[in-house]
Amino acid sequence: MFRRRKNPGFFRNIKRAVWPEGGWKRYGRYLLLRLNRLNGSPHSIAAGVACGVAISFTPFVGFHFVLAALTALLIRGNVLASAIGTAAGNPWTFPFIWVSVLYTGRFMLGETAGGRVEFVRVFEKSFHALMTFDFSLFFSDVWPIVWPMMVGSIPYYFLSWTVSYYLVKKALEKIEQSRRNKRPRL
């Protein structure tokens, strides 16, 4: 009854998965309206989103939701908004985030030697080391990559938190103001 008459096809589905049909601007407006419907003030929602975005710059993949929620609770931000904010770290942005965080951390630690890093192998080794409790493997192969990433994520954390908090708060205040202007006066 509610099916399409013509199947969109494989390539059309791939395109829709990468690029929204209505465009990125419309998708951004949709997200802002969804955020505006959350319970809380523009400050708490913006703080929650900022926590999620900032945590996405840390190398703790798999723990982003938990860490964002804990950080949001710590600063009294909206926990659900923090989960939405973690979408800043996704399969398209993670490679850029990891490389920039790694090289920033190496620069901050004064490490000049450091070759090319294959992140897939690093995650495989870290998963294997944690599942088998082989901490000697973790500290010999994984820690030399994770430590500079942790250090390098600090400036990105604070910068992304500040920028995303400011942008989301201003956008939510603007939406709220436009709603107030559209209400009929009694």
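Since every read-out is calculated from the coordinates, none of them should be taken as a lab result. For clarity, every value in this text was computed on a predicted model and none was experimentally measured. Glycine also receives a Cβ, built like all others from the backbone with ideal geometry; neighbour counts cover every protein chain displayed.
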Exercise. What spacing in nm lies between the two simple spin-label points modelled at Ile154 and Glu173, each 7 Å away from Cα in the Cβ direction?
Worked result: 3.1
For this session: Would you calculate the separation in nanometres between label points at Glu118 and Asp134, each defined as 7 Å from the Cα along the Cα-to-beta-carbon direction?
Result: 1.6
For this session: Return the whole-Å distance between the Cα centroid of segment 74-140 and the Cα centroid of segment 1-62.
Result: 23
Exercise. In units of 2.2 N^0.38 Å, what is the alpha-carbon radius of gyration of segment 24-117?
Worked result: 1.25
For this session: Please list the equivalent ellipsoid semi-axes of segment 43-169, computed as the square roots of five times the alpha-carbon gyration tensor eigenvalues, in descending order and whole angstrom.
Result: 28, 17, 11
Exercise. When we measure straight from the Cα of Lys6, which lysines land under 17 angstrom away, once same-chain ones fewer than 8 places off are left out?
Worked result: Lys15
Problem set entry | Most mobile of Leu80, Leu38, Leu172 in a GNM of the chain (Cα contacts under 10 Å) | Leu38
Exercise. Relative contact order, percent, of the chain when contacts are C-alpha pairs under 8 Å separated by at least 6 residues?
Worked result: 27
Problem set entry | For a label point 7 Å along the Cα-to-beta-carbon line of Trp19, residues of segment 78-96 with backbone N under 18 Å | 92-93
Exercise. Which of Phe135, Phe10, Ser100 sits closest to the plus end of the dipole of segment 1-138, meaning its Cα is farthest towards the positive end, when Lys and Arg get +1 and Asp and Glu get -1 on the C-beta?
Worked result: Phe10
For this session: Report the residue, chosen from Ala129, Ala69, Ala83, that carries the largest GNM mean-square fluctuation when the chain is represented by alpha-carbon nodes joined by springs under 10 Å.
Result: Ala129
For this session: Could you list Leu137, Leu74 in order of exposure, starting from the residue whose Cβ has the fewest other Cβ atoms within 10 Å?
Result: Leu74, Leu137
Exercise. Rounded to the nearest 0.05, what FRET efficiency is calculated for Val163 and Arg3 with R0 set to 45 Å and r the Cβ-Cβ distance?
Worked result: 0.55
